[in-house]
Amino acid sequence: MNELENKKDYELAYLLTPDISEDKIEAEVSELKDFIAKNGGSVIQADLPEKRHLAYPVKKQNFAYFGVVYFNSDTESLDKIKKALVFYKKVLRYMLLNKATTHPSGDHPKGDKPTPIITSQSFEQRLESLLNS
């Protein structure tokens with residue numbers, strides 16, 4: 001099997017510490033891309049992160065830079081990246097997704113749409129019966 005066939009696409013969503021100055025964010029993203037490459041991944045795209053207010057504190061921080069990196073990697077390299085991210089001091093939190101299982105458009109791998117548990121009509125009927133009780 002060729003090396004490209006073993007690689008899968010991944011999405012890394014991350015929060016960087018808010019104490020990084022705005023003018024150094026681009027350098028931090030470059031460092032993160034190099035970090036992924038050193039651990040066996042190939043970066044496809046990396047957008048500049050934006051500073052955001054967090055819904056709840058993460059490691060006692062109320063703000064963080066939120067960014068996403070798209071890359072491909074084989075399983076062995078992905079394990080290295082995961083282990084190394086734990087020790088990457090500037091990353092407060094991260095989430096790694098396999099792009100084969102993510103479907104931003106709502107499409108599902110087999111083309112099947114999930115059936116809703118409660119349809120709007122049954123919900124309205126149930127609500128009406130509860131209100132009339």
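The values are calculated or read from the model by the stated rules, or taken from the named source; none is laboratory data. Since the model is a prediction, treat every value here as computed from it, not as a measurement. No Cβ is skipped: glycine too gets one built from the backbone with ideal geometry, and neighbour counts run over all protein chains shown.
Taking the stretch 40-93, which residues are farther than 17 Å from GLU11 by Cα, surrounded by 13 or more Cβ atoms within 10 Å (Cβ to Cβ) and either among the aliphatic types (A, V, I, L, M) or touching a Cys at 6+ places or on another chain (Cβ under 7 Å) (or both)?
LEU54, VAL58, ALA64
Restricting attention to the stretch 30-39, and to residues there that are among the charged types (D, E, K, R) and loosely packed, with under 15 Cβ neighbours inside 10 Å, which single residue is farthest from PHE71 (Cα to Cα)?
Checked the stretch 30-39; the qualifying residue farthest from PHE71 (Cα to Cα) is GLU31.
Could you check, for the stretch 19-29, whether at least one of its residues is hydrophobic (A, V, I, L, M, F, W, C) and surrounded by fewer than 17 Cβ atoms within 10 Å (Cβ to Cβ)?
Yes, the stretch 19-29 has at least one match.
Just to verify a result, which residue in the stretch 1-34, among those that are hydrophobic (A, V, I, L, M, F, W, C) and closer than 16 Å to LEU78 by Cα, is modelled with the lowest pLDDT?
LEU4
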